[in-house]
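Have a look at the structure below before the remarks.
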Amino acid sequence: MSEAFRGRLAILGMGYIGLPTAVAIATRGVDVIGVDINPATVAAVSRGEVPFVEPDLAIAVSGAVAMGRLTATSEIPEADAFIIAVPTPFNEDRTADLSYVEAAAKQIAPRLRPGNIVVLESTSPPGTTEKVGGWIGDLRPDLRMPRDGETGADIFVAHCPERVLPGRIMIEIVTNDRVVGGLTPRCAEKAASIYRLFAQGEILLTDAASAEMAKLVENAYRDVNIAFANELSLISESLHIDVWEVIRLANRHPRVSILNPGPGVGGHCIPVDPWFIVSAAPQLSRLIRTAREVNDRRPHDVAERVVAKAQRFRAPTIACLGLTFKANVDDVRESPAVEVVGLIAKALPEVEIFVSDPYVSTLPGPLSGYSNLRLEGAYQAVERADIVVLLVEHEPFKAMRHTRLGGKVVYDTRGAWR
Ligand SMILES: NC(=O)c1ccc[n+]([C@@H]2O[C@H](COP(=O)([O-])OP(=O)(O)OC[C@H]3O[C@@H](n4cnc5c(N)ncnc54)[C@H](O)[C@@H]3O)[C@@H](O)[C@H]2O)c1
């Protein structure tokens, strides 16, 4: 019989991952304390509010807070389990920046008591969970940390990577299969007891390094396949062939499933995680590195095509539709659309460019310095534009009447208006 988690649980990081996880656990009757270093986030969650947009999260947070199951603080509380869901960006040299994870582990250490569980959810290079155990062990020599092949540890340390899709987090956090990798099998079993509270998918137990690598591999797989589609787009264009038609036809083969090209790869998972593999085995990761380079170059390819189209006009006006990194979310982090718009604005400083996104109310930081950019409603932007560039397939854009686009040069980077 699998053991059930009982007790209080603290989650460090009330972001896109930590907050939905906190709610999922709190609504199963466990007292959850959300911890964040950002006072505005702590204040928002304490009021039962969500500081970002994610469907169905707001109602769940307000309910969990109203029931007294979810609270928020900037102090590390005493708890029976700690989940670390803090950022793992990369450094200039594209190695993983583990400073947030290290800080979180060191903050937890003084609070730990024998029997506590520590789960790293942040996406991390192989060996990071072991480092978390090491950082804690250095600060708490009184505690026996888990070691391979040994039993009888005081603290149980594991990695449980997150694979939810923004925009569907509240569904997928429950339905996805979960990989739980422990520093020892006992650690994995202990950590799994937390996820059994709410996960309806299968819980797959393994070792910590395999769990870390599996998550990175998932995103590298996506990245390589998107790079393939993006490269096909360039090749097809140079041969005057419609890439969407080619992909549609090729995908009728029973064992072919080519992804869609786009303006680049965004968010802070797929463009980041493959680099953690490359930096772990630089000589052996040639395909993964090349895919990253193809996708990183993609916003430049798209911007160059828009600039070339603009040369055909004497005084063109351009409408760029979409700024977020994917459809129907408000997240502009690592958004290729933002990069494309910035590159066009820089290359065409005399050209008026209207930018429209139903989820964005102010121009993101990287675009704030361009005087030729203006946020505008989609219909007004399209009406006034000679060139319309679709960068994100938000539903309102997809629903836009084709008649509105008549007589304009349309560059649909997502294939949404086909
Ligand atoms: N967003 C996604 O779709 C997604 C999907 C899978 C995995 N991940 C991974 O999950 C992790 C978290 O990502 P996110 O999108 O939730 O990030 P986020 O930026 O939305 O949230 C992270 C939060 O952690 C807080 N924080 C930083 N250091 C802290 C500390 N020491 N103590 C407490 N709080 C601290 C920040 O203030 C922020 O609110 C990353 O490793 C990411 O790669 C994210």
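With respect to being within 23 Å of residue 160 (Cα to Cα), in the same structural domain as residue 172 (by TED's automatic domain parsing) and acidic (Asp, Glu), residue 92 falls outside the description.
The residues of region 285-300 that are surrounded by fewer than 19 Cβ atoms within 10 Å (Cβ to Cβ), over 14 Å from residue 216 (Cβ atoms) and either among the charged types (D, E, K, R) or free of Cβ contacts under 8 Å to residues at least 24 places away in the same chain (or both), listed by number, are 286, 293, 296, 297.
Pairing residues of region 83-109 that are within 22 Å of residue 30 (Cα to Cα) with residues that are near the ligand (Cβ under 10 Å from one of its atoms) and among the basic types (Lys, Arg), at Cβ distances under 6 Å and at least 6 apart in sequence or on separate chains, gives no pairs at all.
For residue 189, are the conditions met, namely being in the same structural domain as residue 53 (by TED's automatic domain parsing), closer than 27 Å to residue 147 by Cβ and over 21 Å from the mean Cα position of the chain (by Cα)? The answer is yes for residue 189.
Being part of a helix (DSSP H, G or I) and either touching a Ser or Thr at 6+ places or on another chain (Cβ under 8 Å) or closer than 18 Å to residue 180 by Cα (or both) is the filter here; which residues of region 126-155 pass it? Answer for region 126-155, where residues must be part of a helix (DSSP H, G or I) and either touching a Ser or Thr at 6+ places or on another chain (Cβ under 8 Å) or closer than 18 Å to residue 180 by Cα (or both): 128, 129, 130, 131, 132, 133. Among the numbered conditions (1) part of a loop (DSSP other than H, G, I, E, B); (2) away from the ligand (no atom under 16 Å from the Cβ); (3) crowded, with 20+ Cβ neighbours inside 10 Å, the only one that residue 319 does not meet is (1).
Residue 162 satisfies every condition listed in (1) more than 16 Å from the ligand (Cβ to nearest atom); (2) under 30 Å from residue 329 (Cα atoms) except (1). Residues that are more than 8 Å from the ligand (Cβ to nearest atom), touching a residue at least 24 places away in the same chain (Cβ under 8 Å) and more than 23 Å from residue 113 (Cα to Cα) within region 22-42 comprise 23, 24, 27, 28, 39, 42, listed in sequence order. Checking each residue in region 274-290 for being within 17 Å of residue 95 (Cα to Cα) and part of a helix (DSSP H, G or I) picks out 274, 275, 276, 277, 278, 279, 280, 286, 288, 289, 290.
The one condition from (1) without any contact (Cβ under 8 Å) to a residue 40 or more places away in the chain; (2) farther than 22 Å from residue 2 by Cα that residue 151 does not meet is (2). If you go through region 173-192 one residue at a time, do you hit one that is within 14 Å of the ligand (Cβ to nearest atom) and under 21 Å from residue 294 (Cβ atoms)? Scanning region 173-192, I find no residue that is within 14 Å of the ligand (Cβ to nearest atom) and under 21 Å from residue 294 (Cβ atoms), so the answer is no.
When the strands (runs of 3 or more DSSP E) confined to region 322-418 are screened for residues that are under 21 Å from residue 298 (Cβ atoms) and in contact with a Lys or Arg (Cβ under 8 Å, 6 or more places away or on another chain), those reaching at least 3 such residues are found at 387-390, 409-412. Just one residue in the set 133, 137 is modelled with pLDDT of 95 or more and surrounded by fewer than 23 Cβ atoms within 10 Å (Cβ to Cβ); that residue is 137. Scanning region 43-62 for residues that are hydrophobic (A, V, I, L, M, F, W, C), within 14 Å of the ligand (Cβ to nearest atom) and modelled with pLDDT of 95 or more gives 43, 44, 45, 50, 57, 61. Looking for something at pLDDT 95 or above, of a type in the set (S, T, N, Q) and closer than 22 Å to residue 93 by Cα - is there at least one such residue anywhere in region 215-237? There is at least one residue in region 215-237 that is at pLDDT 95 or above, of a type in the set (S, T, N, Q) and closer than 22 Å to residue 93 by Cα.
One line per residue, one yes/no per condition, for (1) over 19 Å from residue 264 (Cα atoms); (2) at pLDDT 95 or above; (3) charged (D, E, K, R):
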site	(1), (2), (3)
348	yes, yes, no
364	no, yes, no
371	yes, yes, no
375	yes, yes, no
390	no, yes, no
394	no, yes, no
407	yes, no, no
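Here residue 149 passes the criteria (1) modelled with pLDDT of 95 or more; (2) surrounded by fewer than 23 Cβ atoms within 10 Å (Cβ to Cβ); (3) within 27 Å of residue 112 (Cα to Cα) except the one numbered (1).
The values are calculated or read from the model by the stated rules, or taken from the named source; none is laboratory data. These numbers were taken from a predicted model, which means no experiment stands behind them. Glycine gets a Cβ as well: all are built from the backbone with ideal geometry, and neighbour counts include every protein chain shown.
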